[in-house]
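The values are calculated or read from the model by the stated rules, or taken from the named source; none is laboratory data. Here the structure is a predicted model, which means the values were calculated and not measured. Methodologically, a virtual Cβ is constructed for each residue, glycine included, from the backbone with ideal geometry; neighbour enumeration extends over all protein chains shown. These accessible areas exclude ligands, DNA and RNA; they are computed on the full protein's heavy atoms, side chains included. Shrake-Rupley method; radii C 1.70, N 1.55, O 1.52, S 1.80 Å.
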Amino acid sequence: MSPGMSLYSVNAIVILSSDDGSRIFSKYYTPPHAAAGAPGTGVAAGLASSSASQNPYPDKTSQIRFEKGLLQKTAKQTGDILLYDNKVVLYKMESDVAIYVVGSADENEVLLYNVLLALRDSLHMLFKQSIDKRTIVENYDLVSLAIDEIVDDGVILETDPTIIIQRCSKAPPADVNLSRLDPFTEQGVNNLAQLGKAKLTDWLRQGL
């Protein structure tokens, strides 16, 4: 395994309006710990340098600048991958929006492309129609849930759209007050058995 490999593959997921470049959704990820071999002569210097290299867009101003430049760059491109600001960017244009998945320059492009496709296909399946700015804004909660199911803190969790939409669209099970169940009665045993069966079915469906 290469010393530079890490579970923290995704630096950012951004959705922009292709009409005016406005931000519709953005989420930037920073690894919670310093990378091995971070430059510096001491612990403090290493942490400071690592923090700067891991999160080059620490505030909204730098993020907006990056996003504006990214949209201008991709507007002139015909592919779905480019190197911008020392970042590998995978993107898809859908109706009046642009979806971006950003990773470090040495990240696996195929892995990032699978994340991009998982997000795009999940949104298509959730919305049951084309992906556009209005639909995303009206279903912002589902978009956020889908992205959180795909990537958590920069770590890729799932890329199967079917599993992702099941976790996003399924209504939560009714809460059961376990304190009111008497396990020593026949009804209590049956209730606990049904609860366990339901939980096991959910785990099996989700592939856990």
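Using amide H atoms built in the peptide plane, which far-off residues or other-chain residues are under 5 Å from Val151 H to H?
Answer set, sorted by chain and number: Leu157.
Which ³J(HN,Hα) values in Hz, rounded to whole numbers, follow from the phi angles of the stretch 72-85 under the Karplus curve 6.51 cos²θ - 1.76 cosθ + 1.60, where θ = phi - 60° and Gly and Pro get x?
4, 5, 6, 5, 9, 9, 10, x, 10, 8, 7, 9, 9, 6
Residue separation times 0.36 nm, minus the C-alpha to C-alpha distance between Met93 and Phe127: what's the value?
Difference between extended and current length: 10.6 nm.
Provide the solvent-accessible area of Asp152, counting protein heavy atoms only and rolling a 1.4 Å probe, rounded to the nearest 10 Å².
Approximately 90 Å² for this residue.
Compute the Cα gyration tensor for the stretch 69-173, then decide on rounded, prolate or oblate, letting a ≥ b ≥ c be the square roots of its eigenvalues: rounded whenever a/c is under 1.5, prolate when a/b is larger than b/c in the other cases, and oblate in all that remain.
oblate
If you rank Thr61, Thr159, Thr74 by how much accessible surface each has, with a 1.4 Å probe, what is the order from largest down?
Working: Thr61 95, Thr159 60, Thr74 5 Å².
Final ranking, largest accessible area leading: Thr61, Thr159, Thr74.
Just order 10-20, 122-132 by mean Cβ neighbour count inside 10 Å, highest at the front, would you?
Top to bottom by mean Cβ count within 10 Å: 10-20, 122-132.
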